[in-house]
Amino acid sequence: MAWALLGFGLFLALYTLLRHGLRRTPPPRARPALHGRTAIVTGGSGGIGAATALELARCGARVILATRSALRGEAAACRIRTETGNPEVQFMQLDLSSLKSVRAFASTFLRQEPHLHLLINNAGVSAGGMTEDGFSLPFQVNHLGHFLLTQLLLERLQSCAPSRIVIVASSAHCAGRLRLGALGRPPPGLWSTFQDYCDSKLANVLHARELATRLQGTQVTCYAVHPGFVNTELFRHAPLWLKPFLIPLAWLFFCDAAEGARTSLHCATYEGLECFSGRYFTDCHLQEPWPPARDDRLALALWEASERLVGLREPEGNPSPDPAAVVQ
Ligand SMILES: NC(=O)c1ccc[n+]([C@@H]2O[C@H](COP(=O)([O-])OP(=O)(O)OC[C@H]3O[C@@H](n4cnc5c(N)ncnc54)[C@H](OP(=O)(O)O)[C@@H]3O)[C@@H](O)[C@H]2O)c1
C-alpha cells in the first residue's frame with residue numbers, strides 16, 4: 001500500500017513538473033480598449049480562434065465569429081457574451097472551403113456592418129480531401145478562401161483605417177513547397193496531406209508579405225503569425241496510429257488555446273507594429289521566416305495565381321475590374 005501511495009505521489013509530482021514546468025510562454029500583455037472597433041475572427045468556434053475572439057470581446061470590440069457550423073458558432077458567441085458581458089459578439093456563417101460561401105459572407109457582412117478594423121484569418125484545417133471548387137481542402141481553407149475574403153473586405157478595411165489583418169500561419173511553413181503550375185492540387189506522395197498543410201502555411205506567410213507591399217501608404221497593415229504548438233482540435237483528423245503519440249505529446253508540451261492566441265492578439269492590438277507590416281511573428285516577437293517565405297518573386301507569383309484561382313483575374317493574366325464587383 002505504502003509503495004503504491006509513494007508511486008502515485010511520484011507520478012503526480014512528475015505530472016506537475018512536466019505540465020507546468022516545461023511549457024513556458026510569456027505572460028499576457030495589457031491590451032488596449034477596443035470599444036468602437038469591429039473584428040472578424042474566422043474559425044472563432046473553437047481552439048485559438050475562440051480564445052482570440054474572447055480576448056477581443058473582453059477588450060470591448062464588436063466581434064463577428066465567422067464559422068462554418070451555425071451550431072458551434074452560436075454556442076461560442078453565446079459563451080463569449082456570457083463570459084465577457086459584451087453583448088456585441090455575433091456569429092455569421094462562413095465556409096472557407098466554398099468560394100461561393102466566402103462571397104456570400106462578404107456580401108452579408110458589407111451590407112450589415114459599417115465598420116471593419118481587424119480581420120483575423122485564423123481558421124485552418126489539416127485534413128486531406130477536395131473542395132466543391134476542385135482545390136485541395138487545406139489549400140483552399142487555409143489560403144485561397146482567406147485570400148478571397150481579404151480581397152473582398154479590403155475596401156472596408158481601408159475606409160476604417162488604421163486597421164490590421166492577422167494571418168495565422170505556422171512554423172510548418174518551413175517544409176512548404178509551392179508548385180505554381182499545380183497550385184491547389186494535392187501534392188503527390190505518402191505524406192501528401194501533411195505536405196499540403198505545410199504548403200498552405202507557406203502560402204499564408206507569402207500572402208502577408210505581398211499584401212503588405214500592396215497596402216503601403218494605406219494604414220492597413222498585416223502580419224503572419226505562428227501561434228506556437230497549441231493543444232486544440234487541429235489534429236483531430238490525424239491518422240489513428242499517430243494519435244497515441246500526439247495526444248500525450250500535445251498534453252505535456254503544447255500550450256493551451258489562450259496562450260496560443262497571444263501572438264495573434266499582439267499583432268492585432270499592440271501599438272507601434274506598423275513598420276513591421278508583412279513580417280512573421282512568433283511568441284509575440286518578430287522572427288525571420290524560412291527562406292522560401294522571404295522570396296518576393298514567389299510571393300508575387302502566388303498572389304497572381306491566387307487571383308486567377310478565385311476568379312479575380314482573367315486566366316490570360318488581365319486583371320479583372322474590381323473585387324467588389326465579384327461580391328454577389
Ligand atoms: N494548434 C496548433 O498547434 C497550431 C500550430 C500552428 C498553426 N496553427 C494554426 O492555427 C489556426 C487555428 O487552429 P486551431 O489549432 O485552433 O485548430 P482547431 O481547434 O481545429 O480550430 C480550427 C477552426 O477552423 C475552423 N474551420 C475549419 N474548416 C473550416 C472551414 N471550411 N470554414 C470555416 N472555418 C473552418 C474550425 O471550425 P469547425 O469548428 O467548424 O471545425 C475551427 O473553428 C489554424 O490556421 C492552424 O493552422 C495551429
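The values are calculated or read from the model by the stated rules, or taken from the named source; none is laboratory data. Quantities reported herein were computed from a predicted structural model and do not represent experimental measurements. When we count neighbours, we look across all protein chains shown, and the Cβ atoms used for this are built from the backbone with ideal geometry, even at glycine.
Computed quantities for the displayed model
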{"quantity": "Answer residue from the range 115-140, given it is free of Cβ contacts under 8 Å to residues at least 40 places away in the same chain and more than 9 Å from the ligand (Cβ to nearest atom) and is nearest to Leu154 (Cα to Cα) among those", "calculated": "Asp133"}
{"quantity": "Search result, residues across the range 42-74 that are crowded, with 24+ Cβ neighbours inside 10 Å and closer than 14 Å to Leu116 by Cα", "calculated": "Thr42, Leu56, Ala61, Val63, Ile64, Leu65, Ala66"}
{"quantity": "Residue check for Ser200: polar (S, T, N, Q), closer than 16 Å to Ala175 by Cβ, touching a Pro at 6+ places or on another chain (Cβ under 7 Å) and modelled with pLDDT of 95 or more", "calculated": "yes"}
{"quantity": "Any hit, the range 166-186, residues being part of a loop (DSSP other than H, G, I, E, B), within 11 Å of the ligand (Cβ to nearest atom), touching a helix residue (DSSP H, G or I) at 6+ places or on another chain (Cβ under 9 Å) and farther than 22 Å from Asp133 by Cα", "calculated": "yes"}
{"quantity": "Qualifying residue in the range 157-164 (condition: within 15 Å of the ligand (Cβ to nearest atom), in contact (Cβ under 8 Å) with a residue 40 or more places away in the chain and crowded, with 24+ Cβ neighbours inside 10 Å)", "calculated": "no"}
{"quantity": "Tabulated pairs, the range 176-203, first buried (at least 17 other Cβ atoms within 10 Å of the Cβ), second hydroxyl-bearing (Ser, Thr, Tyr), C-beta under 7 angstrom, 6+ apart or interchain", "calculated": "Gly184/Ser136; Pro186/Ser136; Pro186/Ser192; Asp196/Ser136; Tyr197/Ser126; Lys201/Ser170"}
{"quantity": "Residue check, Thr218 modelled with pLDDT of 95 or more and part of a loop (DSSP other than H, G, I, E, B)", "calculated": "yes"}
{"quantity": "Selected residue (criterion: nearest to the ligand (Cβ to nearest atom)) from residues of the range 93-114 that are crowded, with 19+ Cβ neighbours inside 10 Å, of a type in the set (A, V, I, L, M, F, W, C) and more than 18 Å from Arg37 (Cβ to Cβ)", "calculated": "Leu96"}
{"quantity": "Odd one out for Gln90, checked against (1) in a strand (DSSP E or B); (2) within 13 Å of the ligand (Cβ to nearest atom)", "calculated": "(2)"}
